[in-house]
Structures are given as structure tokens and as C-alpha cells.
Amino acid sequence: MPETAELLNPLREGIRLRRTPDPCAMVIFGASGDLTERKLMPALFYLLRERMLPPGFSVMGCARTHRTDDEFRQMMGEAVRKFLRLNSESEAFVEGFEKGLYYLADDFSNPKAYEQLRTTLDRLDQEKGTAGNRLFYLATPPSFFPVIVKNLGAAGLAKPKEPGKTWTRIVLEKPFGRSLDSARDLNQVVTGVFEEDQVYRIDHYLGKETVQNLLVFRFANGIFEPFWNRRYIDHVQITVAEELGVENRGAYYEEAGLLRDMIQNHVLQLLSLVAMEPTATFQATAVRDEKAKVMRALRPIRPEAVQDFVVRGQYAEGYVGGKKVPAYRTEPKVLPTSCTETYAAFKFFIDNWRWADVPFYLRSGKRLAKRVSEISIQFRRVPHLLFRGAGAEGIEPNILSIRIQPNEGISLKFCAKLPGTTMQIRPVKMEFLYGESFGAAPPTAYETLLLDCMLGDATLFNRADAVDLSWEFVDPILDRWKQDGTKGLATYPAGSWGPKEADDFIERDGREWRRL
Ligand code: BG6
């Protein structure tokens, strides 16, 4: 059954063409947090500057700290300047941007705050013409999600103000739960108050330009799809590496660890886009159905087999960018005996017709040698090598690499004859670089996703079933690690490519990690 927003969406058969959302107001819970400053405000500012926000667009920031509208405006103006490095042309938009901001200080558990919120939103409808359309954004720690959702429901804010004429939507930041059970509990609370088609579970990786391009690359070109399967592909590697450590997020990270922070969401999302079947239309239900099918086909890793399919590690002290950095265990708010993983490497299989027996190797970690996210498709070798002695034996087979970030682009590696009178073979690359092909900088993930919520397009958001399926996959691994404590937890120097155990792990299969 298509989701309601799709039925109302005139673009349901086609692509998401540029258009301006309906007039609306956005409410950000957790307005004094890092995410609001770093990501949401800069994204909203860019949307305003590009004239993509509707007239009268207003943002109501909610948080516990007391401050006035003006103080909030000033803080957010500073945040925009700090994170965007504005030129004088953009600077001229800051004042207008600040004028659309409002602030409400209260405790999220106080039902009276929601009455006040409703009154203010009604006032904005009158004064700014926000037309009764509301976007609630939960940028708080997840422990506040249930209380906010329940209070929105109790204050009558979850239902559209005028059903059929106005819309109300809610965006939930990750992590959505911390296990299958908690994700289901949270979902029960959320869908007890909101309809599923009002709920936008955000994963900012899906908003990245290069991630969206995966679908275009696969399904708008005739030449790749025929060999996108087990007949031609030897294996797939996905790397999501960060140079950063846990910074000031030690307390959060101790609870989360890499599996919950990166794999359960971002990395599995990348995987499902690489592995999904083509859809008939670029429509939320169709895309989300196909992604969910991939998650359903993931071969479960049983607790007793975890060590055969996963390596986990934690960074020790080391050097990143020439600077000495501390070990994870000595980061602020981290236990000196912590067993939390900051690195993981996986091998897994997708048990379906297309991917049977093709291993997917995946690695992600903090404090690695370089910030780089890449998907690489490694093709099978030729069945018979004509050019023995020409140097082709040692050459890697064809590799298609899709660089998510940085140096966004796609390259195809193949063999070529080295110019000369003898037959010598060398690898070369065909390369597409975003920077060279398209002059303009792409929008950030949050710009795309915020606009999509306002437009009612849920294609790039997670549906409850896919969230459940991802927890079903990671839960047994987390349980096993919990039992094992430090047993099997490898260490790696900060600034390296991860623990040696991860190299041994892939080498046992006669393969090696890409050198990035
Ligand atoms: C967040 C994680 O979701 O994604 C962070 O919580 C991580 O730990 C970040 O650093 C990575 O995002 P990006 O866009 O910088 O790759």
C-alpha cells in the first residue's frame, strides 16, 4: 500500500524535481545540542539562501536551558558563521535567517510546555503564514524520544491541524533504539501517537549525494546492471573509515560502540543500496521494500560463530596527522577498562539469487589512517590468462570503486598494455570526479533530507521494518561481545588501518583489504 504522502505527491511516478515545500514551521527539540549547531542550522541556512524554503518558514528551538528568542538567534547566527565560513554575499542572509528563529525553554517532560508550544505555533500560523504545517525534529538524546512523542500526542500536536489540508511530520535522529527490543518499544510509542507515514527516521548517509548516486549509477545506466551479480563479482568491500576519535562524545560512545554507531545504520544502508533489486518507480514504498528485502536476506551471524565473521578492535595511543593522540581508554568519560569497540571488520553473505556465496567485507573504525568511505566491487578474474609473463598475473582484477567521501567519484580499474615494443601489462583507471564534472558543490546530506521531509518524500528515510531487521542482524553479535568482555577485543594504534587480526581475517580467504 503506498504511503499517504506518495498518493498526494504529484511526482510519485518520477524523480524528485526541485520544488518549494508548503509553508510550515519546524520545531527542534534539543536546540542547544551539537547537531542543531553543526548540521541543522547550517543546512537550513543554505536552504534559505538558495530560496528553497517556503515563505514565512519559522523554526522553534526547544531545550531546557533558559534563553530568549534574541539570545537563541544570536547563538544560531554565530553557529552558521562558524560552520559555514560565509562570504559577504551569504552574510547578507544571516539577519533574515535569524528573524525566523524562536525559542522555548522548558523541560521536555512538562506537559504545559507543549500547550505553550501549540499556542506559539498557532500564533506563527497567523503572523508568519506557516499554514498549520508542522515538522517536529527530535535532536535530543534518544532517552527523551518517548516522553516528547507522548507529550506531543497528549497536547494534540501529533495530528494534522486540519486533516486533509495540513500535515504534521516527525523526524527521529539515530540511534533508533539500542537493540531489537528497545527499537520495537520505541516504535510502539511512536506509532501509537503518529501514523507511520508521518514518521521520518533519519540516517544522514542516505542524504549524501554520492549515496543517492548509487541508485542512479546502477539503475540509469544500461551497462552495469547485467554484471552486478554473483556471476561476475568476486566480492564487495565497504570501508567507512574516520580519522576522528570519540572527541567529547565518550559517554555516548561507551553506550553505543561502533556497531551501534555506524554499522547498524550507515553501513547497512550502504550495503542495501549496493545489493537491492531495481524498482519499478523511484517511489518511497518501492525503494524501501527492496532495501528491506536485502536486510531480510542477510545471513544471520550466530553468537557461536561471531569470531569467524567479525573482528572487533579498540584504538590504542598513536599518531594521526602527525599529532600524538590518546588511547580510547584514556578519552574523557571512557572507562579505563572499557571493552567498547571502535573498529569492526565483517564478512557476511546475502542469501538470495543475485548474491549467493559472494562475500561482502565491511570495515569501519575511528582513529584510522584516513577519513575515507568507499564501496568497491571486485570482479572475477578472467577465466584464462593469455598474457603470461607480461605482468598481468599479479595485477588485481577489475575493480569498480565508488568513493562516498572525500574526493567523491567513481573509478574503474582495468588492465592496459604499457606502450612499447614488448607486451607488458599495467593497471590503469577510468575516473569520474564530482569536482571536475560538476562545478557546483553538492548540497549537504541534511539539506537534502530536511527538504525531503518538508516535501513529504520518505524515499531516503528508514522504515520501521528495516530498522528492526538491522537490529535482528546485529543483536546476536552484541550479545556475544557482551559475554566475551575483552576476550577477542584486538587493539590497533591510532592512525593505522586497524588491527592486524582484521588483515589476517580477510587474508584467510585469499583476499586483502583495499589500500586506500
Ligand atoms: C554519525 C556518528 O552518525 O556519523 C559519528 O554518530 C560519525 O560517530 C558520523 O563520526 C560520520 O558521519 P560523516 O558524515 O562525517 O561520515
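The values are calculated or read from the model by the stated rules, or taken from the named source; none is laboratory data. As the structure is a prediction and not an experimental result, all values here were calculated from the model. Cβ coordinates were reconstructed from backbone atoms using ideal geometry, including for glycine residues, and neighbour counts include every protein chain displayed. Surface accessibility is based on the protein's heavy atoms, side chains included, excluding ligands, DNA and RNA. Shrake-Rupley method; radii C 1.70, N 1.55, O 1.52, S 1.80 Å.
Please list, ordered by first then second residue, the pairs with beta carbon atoms under 7 Å, 6 or more apart or interchain, first in segment 227-240 and closer than 12 Å to I350 by Cβ and in a loop (DSSP other than H, G, I, E, B), second open to solvent by 10 Å² or more (accessible area, probe 1.4 Å) and of a type in the set (D, E, K, R).
Cβ pairs passing all conditions: N229/R354; R230/R354; R230/D357.
Do we have any residue at all in segment 395-404 that's open to solvent by less than 20 Å² (accessible area, probe 1.4 Å), within 16 Å of the ligand (Cβ to nearest atom) and at pLDDT 90 or above?
Scanning segment 395-404, I find at least one residue that is open to solvent by less than 20 Å² (accessible area, probe 1.4 Å), within 16 Å of the ligand (Cβ to nearest atom) and at pLDDT 90 or above, so the answer is yes.
Suppose the filter is open to solvent by less than 30 Å² (accessible area, probe 1.4 Å) and small (G, A, S); does A464 pass it?
Yes: the conditions hold for A464.
Identify the residue in segment 188-205 that is assigned to a helix (DSSP H, G or I) and among the β-branched types (V, I, T) and, among all such residues, is farthest from the ligand (Cβ to nearest atom).
V193
Considering every residue within segment 341-350, establish whether at least one is in contact with a helix residue (DSSP H, G or I) (Cβ under 7 Å, 6 or more places away or on another chain) and part of a loop (DSSP other than H, G, I, E, B). Please lay out each step first, then the result.
Here is the first cut: in segment 341-350, the ones in contact with a helix residue (DSSP H, G or I) (Cβ under 7 Å, 6 or more places away or on another chain) are 341-348, 350.
Filter once more, keeping what is part of a loop (DSSP other than H, G, I, E, B): 341-342.
Yes, because at least one residue in segment 341-350 is in contact with a helix residue (DSSP H, G or I) (Cβ under 7 Å, 6 or more places away or on another chain) and part of a loop (DSSP other than H, G, I, E, B).
Condition first: at pLDDT below 90, among the charged types (D, E, K, R) and over 29 Å from the mean Cα position of the chain (by Cα). Now tell me which residues in segment 68-94 satisfy that.
Answer for segment 68-94, where residues must be at pLDDT below 90, among the charged types (D, E, K, R) and over 29 Å from the mean Cα position of the chain (by Cα): E89, E91.
Would you point out the residue of segment 219-262, among those that are within 11 Å of the ligand (Cβ to nearest atom) and hydrophobic (A, V, I, L, M, F, W, C), that is most open to solvent (accessible area, probe 1.4 Å)?
Here the answer is L244.
Kindly establish whether P476 is within 19 Å of L215 (Cβ to Cβ), open to solvent by 10 Å² or more (accessible area, probe 1.4 Å) and not aliphatic (A, V, I, L, M). Lay out the reasoning, then the answer.
On the way: within 19 Å of L215 (Cβ to Cβ): no; open to solvent by 10 Å² or more (accessible area, probe 1.4 Å): yes; not aliphatic (A, V, I, L, M): yes.
No; evaluated as a whole, the condition is false for this residue.
For segment 160-183, state whether one or more residues are crowded, with 20+ Cβ neighbours inside 10 Å and of a type in the set (S, T, Y).
The answer is yes, given that some residue of segment 160-183 is crowded, with 20+ Cβ neighbours inside 10 Å and of a type in the set (S, T, Y).
Which of the numbered conditions does V287 fail, given that it passes all the others? Conditions: (1) away from the ligand (no atom under 16 Å from the Cβ); (2) closer than 23 Å to W481 by Cα.
All conditions are met except number (2).
Residue-by-condition table, conditions (1) closer than 23 Å to Q264 by Cα; (2) not β-branched (V, I, T):
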residue: F432; (1), (2): no, yes
residue: Y446; (1), (2): yes, yes
residue: C453; (1), (2): yes, yes
residue: V467; (1), (2): yes, no
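Take the conditions among the polar types (S, T, N, Q), open to solvent by 20 Å² or more (accessible area, probe 1.4 Å) and more than 16 Å from the ligand (Cβ to nearest atom) and apply them to S437. Does it pass?
yes
Could you go through segment 57-77 and let me know if any residue there is aromatic (F, W, Y) and more than 17 Å from L449 (Cβ to Cβ). Let's see the steps before the verdict.
Let us first name the residues in segment 57-77 that are aromatic (F, W, Y), namely 57, 72.
Restricting the remaining residues to those that are more than 17 Å from L449 (Cβ to Cβ) gives 72.
Scanning segment 57-77 turns up at least one residue that is aromatic (F, W, Y) and more than 17 Å from L449 (Cβ to Cβ).
Out of all the residues in segment 131-147, which are crowded, with 21+ Cβ neighbours inside 10 Å, in contact with a Phe, Trp or Tyr (Cβ under 6 Å, 6 or more places away or on another chain) and under 26 Å from Y252 (Cα atoms)?
If the condition is that a residue be crowded, with 21+ Cβ neighbours inside 10 Å, in contact with a Phe, Trp or Tyr (Cβ under 6 Å, 6 or more places away or on another chain) and under 26 Å from Y252 (Cα atoms), then L138, T140 are the ones that fit.
Tell me which residues, restricted to segment 34-59, are more than 18 Å from the chain's Cα centre (by Cα), open to solvent by 30 Å² or more (accessible area, probe 1.4 Å) and hydrophobic (A, V, I, L, M, F, W, C).
Within segment 34-59, L48, M52 qualify.
Any idea how many residues of segment 267-276 are touching an Asp or Glu at 6+ places or on another chain (Cβ under 6 Å) and within 12 Å of the ligand (Cβ to nearest atom)?
The number of residues fulfilling the criteria is 1.
Would you mind stating whether K429 is free of Cβ contacts under 8 Å to residues at least 60 places away in the same chain, under 30 Å from V325 (Cα atoms) and not in a helix (DSSP H, G or I)?
Details: free of Cβ contacts under 8 Å to residues at least 60 places away in the same chain: yes; under 30 Å from V325 (Cα atoms): no; not in a helix (DSSP H, G or I): yes.
So K429 does not fit the description; no.
Looking at segment 84-97 only, could you name the residues that are in contact with a Phe, Trp or Tyr (Cβ under 9 Å, 6 or more places away or on another chain) and within 14 Å of F72 (Cα to Cα)?
Looking only at segment 84-97, we keep the residues that are in contact with a Phe, Trp or Tyr (Cβ under 9 Å, 6 or more places away or on another chain), and these are 84, 86, 90, 93-94, 97.
Residues satisfying the conditions are V94, F97.
Which condition breaks for T486 when tested against (1) away from the ligand (no atom under 16 Å from the Cβ); (2) open to solvent by less than 50 Å² (accessible area, probe 1.4 Å); (3) hydroxyl-bearing (S, T, Y)?
(2)
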